[in-house]
Amino acid sequence: MSKDSTSLLFDSFAALLEYPASEMTEQAGRLLEQLTPLSPESAEALEKFVRKLDQLSLEKMRELFTTTFDMQPVCYPYLGYQLFGESYKRGAFMAQLNEAYHGVGYSAVQELPDNLAVVLRFIGLDATNRQDEFCQALINDGIMPALEKMLKVFGEESENPYFGLLSALQLFLVRTPEKELSHD
């Protein structure tokens, strides 16, 4: 499987939604550069995230990540939880994800299969996978409604940089048709 530019964008969003690493600022800057010509609205939202990254140390970003997504989080980064809560439907959803992952040799490794970063990496495997009916349903009926719920918990004027990142992802998915991105 070879990565196209869209696959790399999905990977970049996924990387920024994982526990912050030392290269996070550089990754965010590269994503901003790539998004600017493709989706100006998404780039504008991401710019808020990038500006905040420039102001915070890695330690502060890690603390912010933990309070945003992990320990008594503002926002759970798990699609199944956002869509179904802690019900049997979430378990069925995760089993479906695992089956789809297994079918293409992908693994959630040590994370739950419905983690947003894991799902984004799966969708970004390649253009064929991304255009598959399952992935299209996952984007439209999974990621999009989950992102909407996740963004609501922040509030419109949130200062949390992850609000900017999630907003950028949502705008990227809404405003950037696949055909525009797969011209490689």
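The values are calculated or read from the model by the stated rules, or taken from the named source; none is laboratory data. As the structure is a computational prediction, the values presented were derived from the model and not from experiment. Here Cβ is always computed from backbone atoms with ideal geometry, including for glycine, and neighbour counts include all displayed protein chains. Accessible surface areas use protein heavy atoms only, side chains included; no ligands, DNA or RNA. Shrake-Rupley method; radii C 1.70, N 1.55, O 1.52, S 1.80 Å.
When the surface is traced with a 1.4 Å probe over the full set of protein chains, Arg121 keeps roughly 70 Å² accessible. Give the residues of region 119-156 whose amide nitrogen is closer than 13 Å to a point set 7 Å from the Cα of Glu99 in the direction of its Cβ. From region 119-156, the list is 134.
Of the GluC sites (Glu not before Pro) in region 1-76, the ones in a loop by DSSP (not H, G, I, E or B) with at most 13 other beta carbons within 10 Å are Glu23. Largest to smallest in accessible area, the residues Lys52, Lys152 fall in the order Lys152, Lys52 (1.4 Å probe, all protein chains included). On region 1-123, 52 percent of the accessible area sits on carbon and sulfur atoms, based on a 1.4 Å probe.
A full extension of the chain between Met71 and Asp54 corresponds to an added length of 3.7 nm, given 0.36 nm per residue minus the alpha carbon distance. Convex hull volume of the C-alpha atoms in region 108-166, normalised per residue: 95 Å³. A simple charge model with +1 on the Cβ of Lys and Arg, -1 on the Cβ of Asp and Glu and nothing else charged puts the dipole of region 13-141 at about 180 debye relative to its Cα centre. Solvent exposure of region 37-184 amounts to 53 Å² per residue of accessible area, where only protein heavy atoms count and the probe is 1.4 Å.
Could you calculate, for the chain, the ratio of the Cα radius of gyration to the Kirkwood radius, expressed as Rg to Rh? Checking Rg against Rh, the ratio lands at 0.94.
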